[in-house]
Amino acid sequence: MKIKSIDELRKIKEQYQDFVQLRKQGEGNSEHVEVLVGMATCGISSGARETLNAFVTQLAKEKIVGAKVISVGCIGYCHAEPTVQINIKGQKPILYGNVTEANVSKIIEQHIKGGKPVEDLVLQVDFERA
Amino acid sequence: MEGIRTHILVCGGTGCMASESEKVIKNLGLILKAREYKEEVKIVQTGCFGFCEQGPIVKIEPDDVFYVRVSPKDAKDIIDEHVIKGRIVERLLYKEPSNENTINKQEDIPFYKKQLRIALRNCGLINPEDIYEYIALGGYEALGKALTEMTKDAVLDEVKKSGLRGRGGGGFPTGLKWEITKKQESDVKFIICNADEGDPGAFMDRSILEGDPHAVLEAMAIGAYVIGADKGIIYIRAEYPLAIERLNIALKQARDVGLLGKNIFGTNFNFDIDIKFGAGAFVCGEETALINSCEGKRGEPNYKPPYPAEKGYWGHPTCVNNVETFANITAIINRGAQWFASIGTEKSKGTKVFALAGKINNVGLVEVPMGITLREIIYDIGGGIQGGRKFKALQTGGPSGGVLTEDNLDTKIDYDSLIEIGSMMGSGGMIVMDEKDNMVNIAKFYLEFTMDESCGRCTPCRIGTKRMYEILNKITSKKGTMADLDALKQLCYMIKDSSLCGLGQTAPNPVISTMKHFWHEYLAFIKDVDHPQGEGKYVPKNKIGIKS
């Protein structure tokens, strides 16, 4: 396809933006929303991989560019896998348990977009981090 | 495209490829496939990250984890541990040499902290073989803006106001060069990209062409629009096969989408680019020699004037700019001259890419704002001298430059300050010497290079450098006398004053500057005929030293 105007160029730019966005997000500042998905053996066996991919796909669909999805190791809540932690700058991190694919859209809608944690999925964190 | 959650960026610069980064990519791909993660994870071969010392570099995004010295064997752990299970592979992280602390993120590594990347903005970020990645990051918008929204004079004005100066070494104002070529009345004009990078130890231009070829193509088109050319040439040495390959891919892709060719962006501007190969002669970096070589003649310089801007390629007005100069143009058009001019010093704006080499811990490619001190480059970015030894000298400007010593470490570097302290910016090679290096041998090394590279057209350079080399050889084999030192010094100034082109005029510089700063090392080689106290123990009896 030939690009014949600057508008056509910008259209192509938009089309491919999501694709490189993943890399741009990595650049430093933590103004983004971070979605940490527990991807240890127990997490994966309970479907964390599907959860993670659901986050990636739905965030892209909603065009939420400020959020990055990162796979992390085991957090110790094996009984509640898959676990997902949402970090929003300036707020206390929220840890969710039993985040199946079906719960992903709820978290995106209510928490990431709306700013209100999905209470019935929240795990109480009762340990201190060093 | 959709559903990709992780990008694995692997450096595909020449340095990392020499340490098997291609095998790393192959292994990563095979393991991803075996584990059935191919749909979610993408491997991207990028241009140079600059941190060549620690190559091959692998970066995982969006996690922002920076792995160094990744061997093909490590691919398994990166996939199984990091990508699948989210556990960082600690042993592949960068360790600070001073305290063994590991660092996860690229921007936390001291090597990157003081850098400001304009010319290298896309190197290590995009796949240079995919025009769409370049477009996604704003590529070709500057060209579109220039062609459809700006007059030629407006574009020229931006470049002039930015204060950009030629990055090939001379530091001639780029806007002025464009203006002179633009003013010439001629139906046929040319724009040439000088990618004949010949300084020993310099690899800035190569890395830009390998990592972000479209940035150069786009800027050439912008330059062509301003000066009124419809044809461009990239003159590149045949020793850069990877850069040539990526340029060819970039050219094809740009033509396919109509960003090169006829009626670009629907305007009546036509432009296309040819690649010409050089055989690797140093002198062909000089613009008149380069043009001769492009025309198929011997790569020898001509008298100036007439300058190429008046009479260049086949007698037509021609504008010759360096790769790194071009790499700055699109950023200037996109972000404005004011932004660019806010970086750097009073007379040198923007940034400069340097290739750090020699006895320094972090060998690699760095881009720093003008006005940074040498100390910051060597100790903060470069990580100090290898093996904890003492810094002795730094050669900038390649074989045309001079040595800088400890006294110069706090000089804020730009085009003018470097000339003031007896060296030059040059194209950006920086070779670091430590206490173990003998400066006479260093001078001899550079002289051997220029002697070899002298094209032979003018006598002072052809014969003079040969004689200088012979005298230096005599000195370093401890057969020299004080008379030889005098002759050497005379030759220096004679060659400097009477050579035809820049090569000869600057060839004696390494000798002049080492004589100035390390006279005692020359003396140590001299056998004193009148007072035979043995070698290395000469006590100067009168001041025959260099004018100081």
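Just so you know, all these numbers are worked out from the coordinates, no wet-lab data involved. Everything numeric in this text was worked out from a predicted model, so none of it was measured. As a convention, Cβ positions derive from the backbone with ideal geometry for all residues, glycine included, and neighbour counts pool all protein chains shown.
With all projection directions averaged, the alpha carbon convex hull of the range B:131-341 covers 10.7 nm². What would the Debye equation give as log₁₀ I(q)/I(0) for the range B:386-462 at q = 0.20, 0.21, 0.23 Å⁻¹, counting only Cα atoms as equal point scatterers? The calculated log intensity ratios at q = 0.20, 0.21, 0.23 Å⁻¹ are -0.92, -0.99, -1.10.
Over the Cα atoms of chain B, what is the Rg over Rh ratio if Rh follows Kirkwood?
Rg/Rh for chain B comes to 1.00.
Going by neighbour counts of Cβ atoms within 10 Å, the residues A:Val65, A:Val104 line up, fewest first, as A:Val65, A:Val104. Per residue, the protein assembly as shown reaches -10500 deg cm²/dmol at 222 nm when only DSSP H runs of four or more residues are counted, each adding -39500 (n - 2.57). Legend: P(r) of the range B:307-380 from all alpha carbon pair distances, 5 Å bins from 0, whole percents, reading 3, 13, 17, 17, 14, 15, 11, 6, 3, 1. By the Cβ rule of 4.7 Å, chain B holds the following cysteines without a possible disulfide partner: B:Cys48, B:Cys52, B:Cys123, B:Cys193, B:Cys284, B:Cys294, B:Cys319, B:Cys455, B:Cys458, B:Cys461, B:Cys492, B:Cys501. By the Stokes-Einstein formula, at 1.002 mPa s and 20 °C, the range B:1-100 with its Kirkwood radius over alpha-carbon pairs has D equal to 159 µm²/s.
When the C-alpha to C-alpha distance is required to be over 29 Å, the pairs from B:Lys114/B:Lys496; B:Lys436/B:Lys516; B:Lys297/B:Lys489 that qualify are B:Lys114/B:Lys496; B:Lys297/B:Lys489. Geometric descriptor of the range B:63-206, per residue, is 201 Å³ (volume of the convex hull of the Cα atoms). Taking GluC sites (Glu not before Pro) across the range B:175-277, the ones in a DSSP loop with at most 12 further Cβ atoms lying within 10 angstrom of their Cβ are B:Glu185.
How large is Rg/Rh for the protein assembly as shown, to two decimals, with Cα atoms and a Kirkwood Rh?
Ratio value, two decimals: 1.03.
Which aspartates and glutamates, on any chain, are close to B:Lys349 with Cα under 17 Å apart, when same-chain ones fewer than 8 places away are left out? Straight-distance partners of B:Lys349: B:Asp157, B:Glu158, B:Glu324, B:Glu367, B:Asp414, B:Asp416. Restricting the chymotrypsin sites (Phe, Trp or Tyr not before Pro) of the range B:440-481 to loop positions (DSSP other than H, G, I, E, B) with no more than 16 neighbouring Cβ atoms within 10 Å leaves nothing.
By other beta-carbon atoms within 10 Å, ranking A:Ile64, B:Ile31 with the fewest at the front produces A:Ile64, B:Ile31. One decimal place: the segment B:Lys412-B:Asp256 gains 51.6 nm when fully extended, by the rule 0.36 nm per residue minus the C-alpha distance.
In plain terms, the residue of A:Ser71, A:Ser46, B:Ser207, B:Ser342 with the fewest other Cβ atoms within 10 Å comes first and the most crowded comes last, giving B:Ser342, A:Ser46, A:Ser71, B:Ser207. What the Cα convex hull of the range A:28-121 gives, in volume per residue, is 89 Å³. Here the Debye sum runs over all C-alpha atoms of the range B:351-434 as equal scatterers in vacuum, and log10 of I(q)/I(0) at q = 0.24 Å⁻¹ comes out as -1.23. Just tell me which lysines come within less than 17 Å, Cα to Cα, of B:Lys478; anything on the same chain fewer than 8 places away is out. Reachable lysines: B:Lys444, B:Lys527, B:Lys537. Think of the protein assembly as shown as a dipole: +1 on every Lys or Arg Cβ, -1 on every Asp or Glu Cβ, centred on the Cα centre; then among B:Cys458, B:Gly50, B:Ile333, B:Cys458 lies furthest on the positive end.
Segment B:Arg298..B:Asp452, full-extension length gain: 53.9 nm, with 0.36 nm per residue of separation and the alpha-carbon distance subtracted. Counting Cβ atoms of other protein chains within 10 Å of each residue's Cβ and taking the mean over peptide B:132-144 gives 5. Modelled this way, with points 7 Å down the Cα-to-C-beta line, the labels at B:Asp80 and B:Lys23 are 1.9 nm from one another. Under the combined filter of DSSP loop state and at most 15 neighbouring Cβ atoms within 10 Å, the range A:45-124 retains these trypsin sites (Lys or Arg not before Pro): A:Lys63, A:Lys89. Converting phi to 3J(HN,Hα) with the Karplus coefficients 6.51, -1.76 and 1.60 and the offset θ = phi - 60°, the range B:97-107 yields x, 6, 10, 6, 5, 8, 10, 7, 9, 4, 6 Hz in sequence order, with x at every glycine or proline.
Along the charge dipole of the protein assembly as shown, which of B:Ile236, B:Gln184, A:Ala67 sits closest to the positive end, that is, farthest toward it, with unit charges on the beta carbon of Lys, Arg, Asp and Glu (+1, +1, -1, -1)? Value: B:Gln184.
Taking amide hydrogens as placed 1.01 Å from N in the peptide plane, the amide H of B:Ile126 sits under 5 Å from those of B:Gly47, each at least 5 positions away in sequence or on another chain. Global dimensions of the range B:439-525 from alpha-carbon coordinates: Rg and Dmax equal 11.8, 36 Å.
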